[in-house]
1. Just tell me which lysines come within less than 22 Å, Cα to Cα, of Lys23; anything on the same chain fewer than 8 places away is out.
2. Quick one: net charge of Ala215's neighbours, Cβ under 14 Å, K/R +1, D/E -1?
3. Determine the shape class of the range 32-178: with a ≥ b ≥ c the square roots of the Cα gyration tensor eigenvalues, call it rounded for a/c under 1.5, and otherwise prolate if a/b is greater than b/c, oblate otherwise.
4. Amide H to amide H, which residues 5 or more places from Arg309 or on other chains are under 5 Å from it, using H placed in the peptide plane?
5. With label points built 7 Å along Cα→Cβ from the Cα atoms of Val329 and Asp184, find their separation and express it in nm.
6. Can you pull out the GluC sites (Glu not before Pro) in the range 104-211 that DSSP calls coil and that have at most 14 other Cβ atoms within 10 Å?
7. Quick one: go through the range 139-158 and flag any residue whose amide nitrogen is under 17 Å from the point 7 Å out along the Cα-to-Cβ line of Arg100.
8. Shape verdict for the range 3-61, please, from the Cα gyration tensor: rounded (a/c under 1.5), prolate (a/b greater than b/c) or oblate.
Amino acid sequence: MTANLLDFDLEGLAAFCERLGHKRFRAVQLFRWIHQKGVARFWDMTDLARDLRARLAEVAEVRALPVLAEQVSADGTIKWLFDVGDGNAVESVFIPEDDRGTLCVSSQAGCAVGCRFCSTGHQGFSRNLTTGEIVAQLWHAEHALRRRLATSERVISNVVMMGMGEPLQNYAALAPALRVMLDDHGYGLSRRRVTVSTSGVVPMMERLAQDCPVALAVSLHAPDDALRDELVPLNRKYPLAELLDACLRYLPAAPRDFITFEYCMLDGVNDTPAHAERLIALLRGHRGRGVPCKVNLIPFNPFPQSGLRRSPREAVKAFADRLNAAGIVTTIRKTRGDDIDAACGQLAGEVRDRTRAAQRLARRRVVPLRVERGRSPAPEVAS
């Protein structure tokens, strides 16, 4: 089987070229052709030695992911559905804004974490993506957008590993993909503009800090262990105290001086004034000094299987106002692409589930979520 050159960071590509009898500078040239220029045909890489091009044509390829579908939202958001084989497909989303272009990238076909409010988790888990499959999402999006906009300038300025999957449960493939994104001979993205979102895989957070520290976003979603156990099952393995300790250890290596905490607002479940007070106490009081952070409140994007509903706008604003008043910088994420199911928590793709997620999540929904007095939860309707 031919090697997929999208699987290699620059060091890996240099080693590959060395095995073919060529020096490192040839790998740099090849890397630039692939990632900076978006060229897949070796014979079009005109400054490579002819014998290297001939050899590459025999043993290697730039293996793009087949695009099954492309949808464009009324707000300009674009969603691609990529075929990753064996009945699986993953989604990537491009979000254009005035000052940046952000690509949301998937790391797994499905997700094994099973967060209650996430559509991907309800699809179950099939497998990890390879480094090449992660990078191929960026490779396609960047160069397709350049052709569409008739520009040679970089279109994607930010990458967020917030698509399908838990990135830190696929660390071996994630780390080289991040290095490709950051490499000046590749996409040249700033560490501040590449974000890994995790539900709290504590040991891999520490590995990331050592190997490739980029911006970190932690899916928090609850102010105490009892509620987070219900919403984010990984909390049972790495409870909040361990998670926040890991955040403090990450900060010295981080490109920013804060951690972003994501908090999905669920009506009557985690969005009351009492929850806000407990969250303030947690983030400002941990280890007696708190965690330098920014909180990003995410309006829940409903899907039928969840049995949950979005917090009212006034509840979200009141929650944000209380946190900001307490000195915790808090923003409300603007919902983008929800008309094409491209908003946060909606990515589902197509997954051949090996984990019986639907059955497991259905059993969990028999137990109602705790709701603050005076608020009615969404009905626990069987899917």
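Quick note: the coordinates plus some simple rules give every number you see, no bench work behind them. Quick caveat: nothing in here was measured; it's all calculated off a predicted structure. Methodologically, a virtual Cβ is constructed for each residue, glycine included, from the backbone with ideal geometry; neighbour enumeration extends over all protein chains shown.
1. Correct list for Lys23: Lys37.
2. +4
3. The shape class here is oblate.
4. Asp267, Ala378
5. 2.7
6. Passing sites in the range 104-211 are Glu153.
7. 142, 154-158
8. Judged from the Cα gyration tensor, the range 3-61 comes out rounded (a/c under 1.5).
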